[in-house]
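The values are calculated or read from the model by the stated rules, or taken from the named source; none is laboratory data. In this text the structure is predicted, and so the values were computed from the model without any measurement. Cβ placement follows ideal geometry from the backbone for every residue including glycine, while neighbour counts extend to all protein chains displayed. Only protein heavy atoms, including side chains, enter the accessible area calculation; ligands, DNA and RNA are left aside. Shrake-Rupley method; radii C 1.70, N 1.55, O 1.52, S 1.80 Å.
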Amino acid sequence: MTDINQRLFDMIKQNKSLDEISNTMNLSYKQIYYRIAQIEALGYPIKRQYNSNGNIIYLFEKPDKFKLYNDKKTLKTIAISDLHIGNMKSDIEALDAIYNYCIKNDIHTILICGDLLDGTYSKEKQIINAEDQIEYLLKKYPYDKKINNFYVSGDHDASILKDLKISLDDVLIRKRHDIFPIDYYSNSNNININNNIITISHKFLTIKHSDKVKLQLMGHKHISKSFVNINNSRSPIIVVPTISRINNIRYDQTSIPRALELIFYMNDDFNFNHIEKKDLLVLNNKVINTGSLILNYSDDFEKDLIKCDSENGYSKKLK
């Protein structure tokens, strides 16, 4: 092991954060990613602890579940889906606009509901063939050292592994620590936030009902407007719209890139009190809020029904 890698190894043993390591060793985050891969190649597996402020702490012990560490009563996130990078209707500029929105609004977490890549098959023309899509993703996907992305694989991502025998997860684990497959350690699509669980999926929801599952996010539908299914008691389902320009012909939806902003408000015990869902569209490199909806988890919420200004604008108390 080189002297600089030994020094990095020692700082990881001291549970130093990525930011502390970078400042102390005068290395960029991407340089640290590269050196961590070198250390892992010597037989020292290194895991990550992600924090809601965007920082990462590296660990030698293996976590049994994916947990987003959070010490604030309010947590802002962005949810996106179906990027289909490599497709002619993918939209990297829309992603850049979302990143700028995150930076301006102190948002450090992006949740991705599958189909990062277009894979080995497509409904539209591909501008990047399947063999080159991962490398294109590594170079073109936006980067900010205080923004982390957590994603689940979609059917198009899975086609890369099935047909080309290349694991997107393995590549990102080595080269882009800011884009993390949440099931990599625990084989679960759950994110634990202060013991509140949200589930991210692509094509199907496979979880069993649990009182701790507070929200389910699902992609794949390529709809231009999110909708909420609140039939499942305190575990509502939100279908996340596509941020590509590939529309859903079945529903005759428009092809403007869209995303969601989800703001989690917590009580003194850090249980979810309510979630605000903002519907965002990206137009001319600007992110526009088209309306909001409140999902309430509190038994003492003042009103059962709150009018909002979105097209599907209503909020129903969850019982």
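Here are the numbers:
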quantity	calculated
Residue tally, condition assigned to a loop (DSSP other than H, G, I, E, B) and either free of Cβ contacts under 8 Å to residues at least 24 places away in the same chain or surrounded by 15 or more Cβ atoms within 10 Å (Cβ to Cβ) (or both), over region 269-295	3
Those residues of region 227-245 which are modelled with pLDDT under 90 and either crowded, with 22+ Cβ neighbours inside 10 Å or assigned to a loop (DSSP other than H, G, I, E, B) (or both), in sequence order	ILE230, ASN231, ASN232, SER233, ARG234, SER235, PRO236
Of all residues in region 20-50 being under 30 Å from TYR265 (Cα atoms) and touching a residue at least 40 places away in the same chain (Cβ under 8 Å), the one that is least open to solvent (accessible area, probe 1.4 Å)	TYR50
Close pairs (9 angstrom Cβ cut-off, 6 or more residues apart or separate chains): in contact (Cβ under 8 Å) with a residue 40 or more places away in the chain and over 20 Å from VAL239 (Cβ atoms) in region 185-202, open to solvent by less than 30 Å² (accessible area, probe 1.4 Å) and of a type in the set (Gly, Ala, Ser) anywhere	ILE193/SER52
All helices (runs of 4 or more DSSP H) inside region 73-182 with 2 or more residues being basic (Lys, Arg) and surrounded by fewer than 24 Cβ atoms within 10 Å (Cβ to Cβ)	130-140, 168-175
Lone unmet requirement of (1) more than 24 Å from ILE98 (Cβ to Cβ); (2) assigned to a loop (DSSP other than H, G, I, E, B); (3) open to solvent by less than 20 Å² (accessible area, probe 1.4 Å) for GLY54	(1)
